[in-house]
Every structure is written in structure tokens, then in C-alpha cells.
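Chemist: One structure coming up, written as C-alpha cells, with questions to follow.
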Amino acid sequence: MEIENKLKLYIVSSVYDKKLVHELPCSSYEHFIQAGAALTDKRICPLNDMDDCPDHISYRNRRYSEGTAMYWICRHLDTEYVGIEHYRRRFALTQSDYSNLIDDGFDIITTKPVNIGEANGQDLSTSIETNYRQFHYSADWDLFMEILKRHHPEDYELALSAFSGAMFHPCNMNVFRRELYLEYGDWIFPMCDDFYRLSPEKTDVYQHRDVGYIMERLSHLFVIKMFKTGKKIYEAPLVQFESASEENSYTPDIRNAEEVFEACNDYFRAGYITKALELLYSAMQTDTASNERLNLLSRVFTAYLNEQSELHQTMFEYLPPQFRSDLNILTQIWHGFEQAVSVYQSTASEDALDKLTQYIELTGFSKSALKTVLINHT
């Protein structure tokens with residue numbers, strides 16, 4: 001039997017993909033699928049994650065990432081083996097390799113594990129949990145583990161053990177036997193659905209893909225779980241292809257104050273605060289340091305960072321858990337509260353008091369905290 005009748009590999013793509021330096025040909029068993037099709041009218045390939053799927057979750061793509069395509073695939077299984085790759089990441093396997101693995105009866109083909117600490121410039125002993133808490137929202141990890149324990153208490157101890165280690169199967173890339181893909185979908189998506197509903201949506205560009213990051217940890221756990229049950233698993237290396245934009249990326253001239261200002265502004269608006277600060281710091285070490293606009297920008301960034309730090313230090317303890325995982329939400333609540341306090345102090349009207357009371361109830365501020373805030377505003 002031809003391999004395309006046994007295997008389908010879906011290459012997950014989106015309208016936001018960067019052009020690759022070298023376009024890659026597709027094998028007969030590889031098929032591009034557009035993720036997040038519900039969020040755009042643009043179509044980039046024949047398949048997408050909402051067609052012929054009445055209960056699709058395509059509109060959740062900004063948070064689920066490749067997970068919305070994985071959900072679609074669970075409902076369109078028509079070959080013995082099925083899996084996903086990314087538009088710029090592929091398994092380093094040939095058609096002959098796949099044929100041999102299928103003939104040898106492997107149940108799962110997954111990514112070769114990496115040391116998560118080494119991959120992120122951390123200590124080699126850094127655990128999966130520690131890594132997540134450092135690079136994402138710590139409150140999300142606690143919520144994730146609560147959801148896992150509630151849905152699958154039988155896997156909780158295994159999860160504690162797996163996530164305390166440093167070795168990690170990355171990228172949500174797996175090829176499963178069809179029945180295992182169904183099992184995987186039934187296992188992972190109810191937990192992701194709970195996390196999607198219970199964790200606040202992030203406005204930070206990087207953190208916005210929170211469900212996708214959780215899925216990646218769950219994918220690793222599922223592979224470990226299958227290994228423990230005796231499934232035959234092959235760990236394959238990955239090939240990652242360079243984006244054209246990375247090869248020819250624009251780097252502003254740090255001696256040109258206008259270029260630096262515009263680039264910092266773009267980075268800041270997109271949520272890349274660290275990148276903006278690094279560029280500004282480099283520019284401030286040159287002759288452009290005397291530029292009035294850059295000095296102003298430096299003061300704006302400093303004020304912004306001080307504000308975020310103050311918010312963390314003074315308000316975090318008074319907020320209920322559902323608001324703690326996104327500093328942007330915290331900022332909006334704080335600014336709304338400040339405005340309500342200001343209006344109340346100016347008018348002392350019933351409407352102003354009602355608005356202030358609403359914010360007090362929303363945040364769960366204690367009376368002592370409220371008193372402190374009011375004193376600071378008088």
C-alpha cells in the first residue's frame with residue numbers, strides 16, 4: 001500500500017507565517033492546513049481548521065496556536081497514522097523512514113527530547129515547571145495543575161515527576177496511530193477548554209499563546225504516559241528552516257535617533273519591552289544620547305517600568321487569583337479604580353460612590369487597603 005494511504009502529516013500554517021529562505025516541497029503524505037481561518041478572510045491553502053467541522057475552535061487560534069488545527073484533525077481521521085508538523089519545522093525523516101517505522105509497528109513518532117534549561121540559556125538542572133514559571137505566568141501553572149488533577153487524578157503523580165525533570169519533548173509535534181490520536185484528543189482538549197475559560201486572556205504578544213504553551217507540556221506528559229503503558233515510541237530529530245525575515249531582518253542604526261525612536265516605539269506597541277529597552281540602551285551609549293526625543297522616550301520607559309513594578313508590589317496581594325496572571329488586566333483595573341477614587345473625591349456623588357464600590361467589589365480590596373489608597377489620593 002502507498003504510504004499516503006497509511007499516513008497523513010498536516011503542516012500547520014497561518015496567515016502570519018514568515019516567508020522561508022527556501023520553500024520546501026511537500027511529500028505525497030504531507031498536507032498544509034491553515035490554522036486560525038475563522039479570524040481572517042484570507043485563505044493560504046485548500047485545508048483549514050474550520051471547514052467541515054461544526055464544532056471547530058478556529059476562533060481560539062490566538063491562544064491555542066497549532067492546537068486549533070489539532071482539534072480539526074481529531075475529527076478528520078482517515079488514515080492509520082496521523083500527525084502534525086509546523087510550516088518551518090519538520091521531522092528529519094524520509095518517506096523510507098516513515099515506511100519502515102510504520103512497518104515496524106511504532107505507535108508514536110515524537111520529537112527528540114531536549115534539555116529545557118539548556119534550550120533557554122538556563123542551568124541544565126532547570127525543571128519544566130521552573131522554566132514555565134520563569135518565562136510565563138506562575139499562576140497559570142498552578143491553575144493548569146489543578147485542572148489536570150481534577151480531570152485525570154490518575155496522571156497527577158506522573159505529572160509531578162515528569163515536570164520536575166529537565167528533558168522535554170518540544171513543539172507539540174507528534175505522529176500517532178489513529179486510535180491513539182483519538183485518545184490523545186479526548187484526554188487533552190477538555191483540559192485545554194477549562195484552562196481557556198478560567199485563565200484570563202493575555203494582551204502581551206508572547207504570552208497570548210498561553211493554551212498552546214500548556215498543550216506543549218501536556219503533549220510531553222502524554223508521550224511519557226504512553227511510554228509507561230508500553231507503547232512503542234520513536235524520537236525523531238527536527239529540522240528547522242530559516243525565515244527570510246530573519247536572514248534579512250532590519251536593524252536600525254543606533255546612531256540615527258529617528259530610526260531608534262521609531263523602532264523602539266514599534267517594539268513597545270507590539271509588547272516587546274525588553275527588545276525596546278535593549279535598543280534604547282545601546283543608542284544612549286552613542287552620540288544620540290543627547291537627542292531630546294530619545295531622552296523623553298527613556299523617561300517614558302522608566303515611568304512605565306516603575307508603574308508596573310509598583311502595581312506588582314502594592315496591588316497583587318489584594319487581587320483575587322483570576323486577575324493575577326495578566327499585568328495588563330491588573331493595570332486596567334488599577335487605572336479604573338484610580339479614576340473612580342478621583343471622581344468620588346471631586347464630586348462625592350452617589351453615582352461616584354457606586355462606581356467606587358463596584359471597583360472595591362471587583363478587586364476584593366480589604367478595608368484597610370482601601371483606606372490606605374484613599375489617604376494616598378487626598
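Chemist: Where a ≥ b ≥ c are the square roots of the eigenvalues of the C-alpha gyration tensor, would you call the stretch 3-244 rounded, which needs a/c under 1.5, or, failing that, prolate if a/b is larger than b/c, or oblate?
Modeler: Rounded.
Chemist: Same structure again: Could you pull out the pairs from Lys202/Lys225; Lys112/Lys232; Lys19/Lys202 whose alpha carbons sit more than 25 Å apart here?
Modeler: Lys202/Lys225; Lys19/Lys202
Chemist: Here's a follow-up. I need Ile254, Ile108 ordered by Cβ neighbour count within 10 Å, fewest first.
Modeler: Least to most surrounded, the residues fall as Ile254, Ile108.
Chemist: For Lys232, Lys355, Lys42, what's the fewest-to-most ordering of other Cβ within 10 Å of each Cβ?
Modeler: Listed from fewest to most nearby Cβ atoms, that is Lys42, Lys232, Lys355.
Chemist: Turning to a different aspect of this structure: For the stretch 123-141 and the stretch 23-80, compute the distance between their C-alpha centroids and round to whole Å.
Modeler: 30 Å
Chemist: What is the spread of the Cα atoms of the stretch 90-165 along each of their three principal axes, largest first, in whole Å?
Modeler: Projected onto its principal axes, the Cα set of the stretch 90-165 covers 45, 33, 18 Å.
Chemist: Another one. Counting Lys and Arg as +1 and Asp and Glu as -1, what is the net charge of the other residues whose Cβ lies under 14 Å from the Cβ of Arg60?
Modeler: Summing Lys and Arg as +1 and Asp and Glu as -1 gives -2.
Readers should treat all values here as calculations from the given coordinates under stated rules, not as data from a laboratory. Computed from a predicted structure; not experimentally measured. For neighbour counting, all protein chains shown are included, and Cβ atoms are generated from backbone atoms with ideal geometry for every residue, glycine included.
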